[in-house]
1. What FRET efficiency do you get for residue 196 and residue 49 if R0 is 45 Å and r is their Cβ-Cβ distance, rounded to the nearest 0.05?
2. Based on DSSP H runs of at least 4 residues, each adding -39500 (n - 2.57), what is the mean residue ellipticity at 222 nm of the chain after dividing by all its residues, to the nearest 500 deg cm²/dmol?
3. To one decimal place, what Kirkwood hydrodynamic radius in Å is obtained for the stretch 96-230 from all pairs of distinct Cα atoms?
4. Using only the Cα atoms of the stretch 49-88, build the gyration tensor, take square roots of its eigenvalues as a ≥ b ≥ c, and label the shape rounded, prolate or oblate: rounded if a/c is under 1.5, else prolate if a/b is larger than b/c, else oblate.
5. Kindly rank 212-221, 55-64 from highest to lowest mean number of other beta carbons found within 10 Å of each residue.
6. Translational diffusion coefficient, Stokes-Einstein: compute it for the chain using the Kirkwood radius over C-alpha pairs as Rh, at 4 °C and 1.567 mPa s, and state it as an integer in µm² s⁻¹.
7. Subtract the Cα-Cα distance of residue 214 and residue 169 from 0.36 nm times their separation in residues, and report this length gain in nm to one decimal.
8. Calculate, for residue 33 and residue 187, the FRET efficiency according to 1/(1 + (r/R0)^6) with r their C-beta to C-beta distance and R0 25 Å; round to the nearest 0.05.
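Read-outs throughout are calculated quantities, based only on the coordinates presented, and are distinct from any laboratory measurement. Quick caveat: nothing in here was measured; it's all calculated off a predicted structure. With ideal geometry, Cβ positions are generated from the backbone for all residues, glycine too; neighbour counts draw on all protein chains shown.
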C-alpha cells in the first residue's frame, strides 16, 4: 500500500518540473498555478508575480492536486521559502483535502506568522505545539503544548527556509535549519479530546494547502519542493 502511494505521489508530481537532486521534486513552476486548486472562498487571493506565489486579500486555501487532481502523500519532506510582511498570517497544511470554504478540517497546519496579533508564531504545529510570542496583556491560548519565545523565528521582509517532515508518527518542523517542533503522535491520539476545536489534527494521508488568512495579510512563497519517503 505504501509503495503504491509513493508511486502515485511521484506520478502526480512529475508533470510540474523536472526532478531535482536527491529525489526533491518541484511543486511550483514559478509561472502559474499548474497543479494547484484554489477554493476561491475569496477570489484572486493566489497570484504568481516575479516567479513567486503571492497570497493576499482574504481567507482562501490553495490545495495541491497534481496532474490527476487526487495527489496524496503520507511520509514526506516538504521544503519551501516563505516571506511574511508586517501583520501577515498564513500557513501550510499537510495531510489535508480540498474543502470549499473555511479553515481546513483535516490535517495539520504549520504556522506562518512573524508579527500578526495571533500569538502562535512561525514554526508552530498549530494548536498542537505552539511557538508563543505573547504581546503585553495577552493570555496563553487554550489547548496544545506551549513553547514561549520573545520573538517569532521568522522576520518580516526576509525569506526563511521552512522544512516539514512526516515519517510514520513523527512530525518535525524546522525554520532556517533550527527545529521548532519535534512531535510524535501518541498511540490512541484523539485530537477531539486533546485539543480545542481541532478534531482533524490526526496523521493519516492527504495533500498540501497554502492558507490565505485575512484581507490585511500578504505573504510570499517560492522554491516549493517535496521528497517522498518510501
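1. 0.75
2. Computed mean residue ellipticity for the chain: -2000 deg cm²/dmol.
3. Across the stretch 96-230, the inverse of the average 1/r is 15.8 Å.
4. prolate
5. 55-64, 212-221
6. 74 µm²/s
7. Length gained, residue 214 through residue 169: 13.0 nm.
8. 0.05
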